[in-house]
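Shown next, in structure tokens, is the structure this report addresses.
The values are calculated or read from the model by the stated rules, or taken from the named source; none is laboratory data. From a predicted model like this one, the values you see are computed outputs, not experimental measurements. Quick reminder, even Gly has a Cβ in these numbers, built from the backbone with ideal geometry, and neighbours come from all protein chains shown.
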Amino acid sequence: MTTNTPQFSESGGILSEPNGSRPLSTVRQFSAKNPAFPEGGLRYLIFHADKNGFDRCIRRIGRKVLIDEIEFFRWVDKQNQMHSGV
């Protein structure tokens, strides 16, 4: 019997969706779901992705740019650790 709940890691982060896929969102969708991250700020991160490590959070399909939500929040945690000295 399969469930419709996401798979979680020991730290509580989402590993994958029930169907095995990873949650991907456009910039607009991601910003709407997470209003703390405005579209302009996300686009800045995407434009400078090769310099700030954000490239691990995005998937490109032609001109379309999708944000991998799992990698995004891992990247945020890593940025927080780097700046807090942990």
**Request:** Within the range 46-80, track down each residue that is more than 19 Å from ARG22 (Cα to Cα), touching a residue at least 12 places away in the same chain (Cβ under 8 Å) and out of contact with any helix residue (DSSP H, G or I) (no Cβ under 9 Å at 6 or more places or on another chain).
**Result:** LYS78
**Item:** Any helices (runs of 4 or more DSSP H) falling wholly within the chain and containing at least 2 residues that are at pLDDT below 95 and loosely packed, with under 13 Cβ neighbours inside 10 Å
**Value:** 69-84
